[in-house]
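Reading through the structure tokens given below for one structure.
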Amino acid sequence: MKRIEEVSPKVTPELYSKIYEFWSNNVNSEKIYGSLVTNSERGSEQYFQELESQRYRSHRHLLPWIHSMKPGKTVLEIGCGIGLDSYQLVKHGMKLTAIDLTNIAIEIASSRFKASNIEGNFFIGDATSLQFDDNSFDYVYSFGVLHHVQDTEKAIIEVYRVLKQGGIAKVMLYNLHSLNELIHRLTLTPFEDKNELCPVVRRFSKKEASRLFYKFNRIDIKKDFVYGEGYGRLFKYTPLWLYKKLSSIAGWHLMITAYK
Ligand SMILES: C[S@@+](CC[C@H](N)C(=O)[O-])C[C@H]1O[C@@H](n2cnc3c(N)ncnc32)[C@H](O)[C@@H]1O
């Protein structure tokens, strides 16, 4: 029977390996709703540029969010995937350390940095048990990742731990009260791959998300991204003012800035 992912899946011992397997087989950004974005060879500069231009066309709010960070500061990116935002963070002047759960993501992301002679430290790592000391980074950045980990609450405690006092977390989590949630429920289309259920796709209300960041001094949450290029003509022809209005009411992305 067709169904979508549970809002709050239970944490089980098998979950970790299921998550690892899913993200090793579904390298993020390569597909939109099952269709390949690029036919260029994986890891070639052409591949990165094609994925990058689709990503920032569709996610209009993303580059301004990255550019809101102070250049010259250290940033830990959690769940970098193939490193598209990692590349933008470094272009913006951040000192980057990035981790991802899967070998394949780290191989692809770091290969671009090596080929272009750009500095960045990449490691395999787990968001729920980070390999870094307390108070290590000025920023922690994580886009579209912490709702996919086995235990989101634990991951956010880790974000807090590795941030310096006065440091800032910039985290995107999926919004339960969104148009996208409604459409996926009505059409019974899974969220990450239309033919397969992703093991963990948690969705949070704004209130639930802010509770997760309870250790922080101050939290600011804005909704954005009511829909992206996957919605075809609707995305292309919605006037920008209307798109922004709808996004602030029923956006799929909770854009969280939390201050330690
Ligand atoms: C939807 S992708 C997002 C990737 C990237 N941030 C982006 O926006 O393109 C989710 C990523 O989270 C990674 N991931 C899942 N669980 C993780 C964990 N426990 N620790 C670190 N990374 C994890 C996956 O391997 C995958 O690369």
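The values are calculated or read from the model by the stated rules, or taken from the named source; none is laboratory data. As the structure is a prediction and not an experimental result, all values here were calculated from the model. Note: ideal-geometry Cβ built from the backbone for every residue, glycine included; neighbour counts use all protein chains shown. These area figures cover heavy atoms from the full protein model, side chains too; ligands, DNA and RNA do not enter into them. Shrake-Rupley method; radii C 1.70, N 1.55, O 1.52, S 1.80 Å.
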Within straight-line cross-link reach of LYS154, lysines at Cα separation under 21 Å, skipping those fewer than 8 residues along the same chain: LYS10, LYS18, LYS164, LYS170, LYS206, LYS207, LYS215, LYS260
Residues of region 48-138: accessible area per residue with a 1.4 Å probe, Å²: 42 Å²
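In region 137-203, which trypsin sites (Lys or Arg not before Pro) are in a loop and have at most 16 other Cβ atoms within 10 Å, using DSSP for the loop call?
Qualifying residues, ordered by number: LYS194.
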Rounded to 5, percent antiparallel among DSSP beta bridges of the chain: 50 percent
In Å², nearest 10: area of PHE204 left accessible to a 1.4 Å probe: 20 Å²
Accessible area (Å², 1.4 Å probe, nearest 10) - SER111: 40 Å²
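On the accessible surface of the chain, probed at 1.4 Å, how many percent belong to carbon and sulfur atoms?
The value for the chain is 52 percent carbon and sulfur by accessible area.
Would you please name the chymotrypsin sites (Phe, Trp or Tyr not before Pro) within region 1-53 that are DSSP coil residues with at most 15 other C-beta atoms within 10 Å of their C-beta? Can you show the working numbers first?
Numbers: sites: TYR16, TYR20, PHE22, TRP23, TYR33, TYR47, PHE48; in loops: TYR33.
When the chymotrypsin sites (Phe, Trp or Tyr not before Pro) of region 1-53 are filtered for loop state and at most 15 Cβ neighbours within 10 Å, TYR33 remain.
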Over the chain: helical MRE at 222 nm, DSSP H runs n ≥ 4 each giving -39500 (n - 2.57), nearest 500: -10500 deg cm²/dmol
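Where in the chain is the longest stretch that carries no GluC sites (Glu not before Pro) classed as loop by DSSP and with at most 14 other Cβ atoms within 10 Å?
Values: sites that count: GLU6, GLU14, GLU41, GLU119.
Looking at the chain, 120-260 is the longest stretch - no exposed GluC sites (Glu not before Pro) with at most 14 other Cβ atoms within 10 Å.
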